[in-house]
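K.L.:
Here's a structure for you.
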4 protein chains.
Amino acid sequence: MTTSPATARDHQHQAPGYAGHKADHLARLNKIEGQIRGISRMVTDDRYCIDVLTQITAASRALQEVALGLLDDHVRGCVDNAVRTDPDQAEQKFTELNDALRRALRL
Amino acid sequence: MTTSPATARDHQHQAPGYAGHKADHLARLNKIEGQIRGISRMVTDDRYCIDVLTQITAASRALQEVALGLLDDHVRGCVDNAVRTDPDQAEQKFTELNDALRRALRL
Amino acid sequence: MTTSPATARDHQHQAPGYAGHKADHLARLNKIEGQIRGISRMVTDDRYCIDVLTQITAASRALQEVALGLLDDHVRGCVDNAVRTDPDQAEQKFTELNDALRRALRL
Amino acid sequence: MTTSPATARDHQHQAPGYAGHKADHLARLNKIEGQIRGISRMVTDDRYCIDVLTQITAASRALQEVALGLLDDHVRGCVDNAVRTDPDQAEQKFTELNDALRRALRL
């Protein structure tokens with residue numbers, strides 16, 4: 001879980017795009033942590049494979065929902081701000097966003 | 001996190017297909033739980049959106065790896081066993097597997 | 001679009017698992033080919049990005065539906081047959097299926 | 001393959017965000033159309049299920065690459081332009097983008 005020096009330098013004194021939705025994202029992540037713990041308990045209890053798989057799919061979907069929310073916050077916050085104030089930084093944001101989408105789409 | 005009465009009845013006295021890999025799956029799930037906690041910490045610390053997204057993608061991929069492992073165990077264990085011993089149960093297993101794959105592929 | 005010599009040798013004189021659903025798969029693939037052609041036409045006509053993306057998502061989902069159908073046919077046909085007749089070949093089928101699922105889940 | 005009246009009205013006299021990459025997107029789509037035709041031929045020829053599945057996964061990945069390219073063009077073109085010129089339209093673009101990502105991520 002490392003941060004490149006560049007992004008650390010650029011962003012350390014600035015609120016992230018998701019600042020207005022922090023509590024919401026934390027609540028969702030907390031719920032997902034509970035889902036993962038529940039899945040571990042199912043495995044410990046020798047629950048049926050397909051029932052475990054169903055819960056993994058649900059947790060995976062919940063995680064993608066958090067990613068979608070963060071992407072929305074990022075575009076409305078960080079990308080919007082860069083476009084309005086600094087063309088060079090906007091260019092960097094577009095590339096970063098594309099790389100993040102590539103990873104999210106598993107390409 | 002419910003189990004249908006039918007699957008509970010059919011499987012309660014039988015080791016799941018993943019019995020031989022329980023420790024491995026639990027170790028992976030434990031690591032994923034830690035990843036989710038780390039993501040919550042990043043949000044709490046106002047870390048940059050894109051860096052949080054990168055970690056969500058990594059956790060999501062790790063979760064799919066567990067799903068893939070369970071699917072493999074299920075086919076080699078439960079499906080194989082049903083095919084060799086009980087054609088009616090095999091039919092049910094094929095349908096269940098297809099439904100699980102549909103959910104995993106998000107269709 | 002190559003086939004490994006091994007699979008070509010093993011399967012060349014045998015109907016594929018999807019033999020009973022060939023017409024159905026071909027109809028779906030034909031429809032998808034039309035969807036792709038429609039997407040090309042949208043791009044040629046300078047249609048709005050988001051509208052093009054919506055159609056790409058629809059074609060992508062239709063393609064996954066064909067994959068899911070083929071997986072179902074494969075398990076009910078080829079895997080079932082191998083388990084009932086040849087333990088060594090069954091082992092190979094399980095590994096092949098797992099590799100195919102890994103690719104389909106983009107892992 | 002319908003377009004909502006709103007997007008048709010807003011965009012009909014304006015070059016799409018992907019205008020600069022049209023030839024590239026059309027070449028990729030043309031190649032994908034050939035891939036789909038090749039998959040149909042494999043099914044017609046009774047080729048082995050797993051080999052057909054491998055080609056479906058490849059075509060599906062190529063389609064996601066086109067989607068990723070269009071998303072990049074859309075953000076650098078349409079979203080950037082809206083942010084710089086019209087806050088109300090920017091708001092609409094953010095919502096549209098989020099909806100498109102939701103569909104692309106299959107949520």
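K.L.:
Given the conditions (1) over 13 Å from C:Val52 (Cβ atoms); (2) part of a helix (DSSP H, G or I); (3) open to solvent by 10 Å² or more (accessible area, probe 1.4 Å); (4) at pLDDT 95 or above, which single one is not true for D:Ile32?
P.N.:
Single failed check for D:Ile32: (3).
K.L.:
What number goes with the only condition from (1) out of contact with any Pro (no Cβ under 7 Å at 6 or more places or on another chain); (2) modelled with pLDDT of 95 or more; (3) open to solvent by 10 Å² or more (accessible area, probe 1.4 Å) that D:Arg9 does not pass?
P.N.:
(2)
K.L.:
If we keep just the residues of the stretch B:35-68 that are open to solvent by less than 50 Å² (accessible area, probe 1.4 Å) and touching a Phe, Trp or Tyr at 6+ places or on another chain (Cβ under 9 Å), which is farthest from the other protein chains (Cβ to nearest Cβ)?
P.N.:
Result: B:Met42.
K.L.:
Restricted to the stretch A:69-78, and to residues that are buried (at least 19 other Cβ atoms within 10 Å of the Cβ) and touching a residue at least 24 places away in the same chain (Cβ under 8 Å), which residue is nearest to the chain's Cα centre (by Cα)?
P.N.:
A:Leu70
K.L.:
Suppose the filter is closer than 25 Å to B:Ala67 by Cα and more than 20 Å from the chain's Cα centre (by Cα); does C:Ala100 pass it?
P.N.:
Against the criterion (closer than 25 Å to B:Ala67 by Cα and more than 20 Å from the chain's Cα centre (by Cα)), C:Ala100 does not qualify.
K.L.:
Another question about this same structure. Would you check which residues across the stretch A:80-101 are at the interface with chain B (Cβ under 10 Å from one of its Cβ atoms) and either over 14 Å from A:Gln14 (Cβ atoms) or touching a residue at least 24 places away in the same chain (Cβ under 8 Å) (or both) and list them?
P.N.:
A:Glu96, A:Leu97, A:Asp99, A:Ala100, A:Leu101
The values are calculated or read from the model by the stated rules, or taken from the named source; none is laboratory data. All figures in this text were calculated on a predicted structure; none of them were measured in a lab. Backbone-built Cβ (ideal geometry, glycine too); neighbour counts: all protein chains shown. Remember, those area values only see protein heavy atoms, side chains included, never the ligands or the DNA or RNA. Shrake-Rupley method; radii C 1.70, N 1.55, O 1.52, S 1.80 Å.
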